[in-house]
Structures are given as C-alpha cells and as structure tokens.
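Working notes for the structure below.
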Amino acid sequence: MTSPNSTPWLDSLRSAHAEGRPRLAVLVDPEDAPSGGPWLDLVRRIDTSDATDVFVGGSLVTEHVTKRVVTELKRSVRQPVVLFPGSPSQVVDGADALLFLSLISGRNPDLLIGRHVEAAPRIARMDLETVPTGYMLIGDPPLTAAAYMSHSLPIPTGKPELAVATAQAGVMLGLQCLYLDAGSGAGQPVPAQTIAAIHAAVDVPLIVGGGMTSQADLERAWQAGATCVVVGSAVERHPAILDELKLSIRTPQRG
C-alpha cells in the first residue's frame, strides 16, 4: 500500500528506466513457498539481497495463500511487494502495487479483458496502485506452464519483429510497462536481441523474466534494455543464489 509520502511504484520504475538503473525482482509463487525455517531463510535472503522488488503470484494459487504470503513479506522485507496475479482471486490488499496484466501476445479474450472486468470492482475497493501492464509470452516449444494455463501460444523467439509490433500496439493502447516472459522454468530466457529491439521501439519500462538462472543472464538482459529482471524458479530451487546476484550493470539510456 502506498503511503502519502512514498513514491508510487510505477514512478520509481519509470525513473529507473529513464536513468538506466537496473532493478531486480524476486518472484515468489505462494503455492510453492516453503514454510517454517526454509521460509524464514528465504525471507531473510530476500531482505538482505540486492533485489529491489518482490513479485507475488502464480498460475494456480488461491486468495487465502496469496494474502498470507503478502502479509508476511510486507512484515519482513524492505523491498516493495508487487502482485503478479494469475487470476482475479489472487488480487489481495496489503501489497504496494498490482501489475494489471493484459496478455497482448495471445488471442485469449479472457486474458485480454475478460478477467479484468471481473477483477475491476474488487480492485476499486482497495488502496492499491494499479499498473497497466502488457504481458508478452516469448519462447519456443515445449510450452511452459504460463503458456499452457493461458491457452495461448508465445511469440516465437525467431520472430523479434512480431514482438516489436506487439509491444508497439500495447503502448499505443496506453499500457504503461511491458512484461516479457519466457515462462516459469523456461529452458532459455527471452533473447537479448528481442529485448534490445523492443527497447529501441518503445519508451516504457521493460520487465523481463523466465529462465534467468545466473548473473550472466541478468547482465545480458540489463545490457539489452531491461529495466527490471525477474528471478523466480532459480530462487525456489536454491535460495542461496540470492547472495550471488548483484545489481552491477547499467541499462542503455534512450537518446
């Protein structure tokens, strides 16, 4: 929840984009979040890491689980907590912001506008910053969980021109940032050339996730123009990787 004296989350993301300052988000899937000592260890590592943001969301989690995880994170970490919902039931109060995702890479009307209509009255009752975000799945077979659950095909990695046109259309429709996702547990991240092409074509913050497993992956994405890079599955498997991931590369500034 944004206090009267704090900077709205989107404004801080825009500033990072304009100044070429990299951001790093840890994605916590409530359904896969550990409990007990392992959960306390994960939270401690997030809080003391170079991560600038924490995203909360997944494909299957319920409202009750999401609310509990958001509440515990807000109590325990210094980073802003941002909802990355897979369904309207995951929209809960207590977070700092909500990525209001429209799946512009697919042709599933439910994820273009249908679920947004369902969620809008719920969001309107909350003191929750809402960030209109174009969500773009990019990758090749085999399909990731995100592609399967969204009933949509990702943009092929060998067709960056399609990704650019999709991004341009999203920005022309008024979306305030773009989330380029290879999908949870993807074998390969979004290609650097695709990130660079989109960065050159539109002037909005780019969030990039999926398949990030190393510092080198982060640096390639930042150098290509990503504003915020997201790490999820790698942290789930080995939370200690957070001790190794650093904010070390400036993203290209626009001319």
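Laboratory data are not the source of any read-out in this text; all were calculated from the coordinates shown. These figures come from a predicted structure and were not determined experimentally. Here the Cβ is made from the backbone with ideal geometry for all residues, glycine too, and neighbour counts use every protein chain on show.
Restricting to DSSP H runs of at least four residues, report the calculated mean residue ellipticity at 222 nm for the chain, -39500 (n - 2.57) per run over all residues, nearest 500 deg cm²/dmol. Don't skip to the answer; put the middle values down first.
Working: 9 runs with 92 residues, N = 255.
Mean residue ellipticity at 222 nm (helix-derived): -10500 deg cm²/dmol.
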With springs only between Cα atoms under 10 Å apart, run a GNM on the chain and tell me which of Arg68, Arg125, Arg107 wobbles the most. Arg125
Set the Förster radius R0 to 25 Å, insert the Cβ-Cβ distance between Met126 and Ser35 as r into 1/(1 + (r/R0)^6), and round the FRET efficiency to 0.05. 0.40
Return a whole-number percent for the relative contact order of the chain, with Cα pairs under 8 Å and 6 or more residues apart as the contact set. 22 percent
Here are some values of mean projected area of the Cα convex hull in nm²: (1) 12.4; (2) 13.1; (3) 17.3. Which one was computed from this structure? (1)
Would you mind computing, in nm to one decimal, how far apart the modelled labels at Ile113 and Arg68 are, each placed 7 Å from Cα along Cα→Cβ? 3.8 nm
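Using a 10 Å cut-off on Cβ atoms, rank the peptides 222-230, 20-28, 168-176 from the highest mean neighbour count down. Write down the numbers at each step before the final one.
Details: 222-230: 24.6, 20-28: 22.0, 168-176: 15.1.
So the peptides 222-230, 20-28, 168-176, ranked by packing, come out 222-230, 20-28, 168-176.
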Rh by Kirkwood over Cα pairs, then Stokes-Einstein D for region 157-246 at 0.692 mPa s and 37 °C, µm²/s: 246 µm²/s
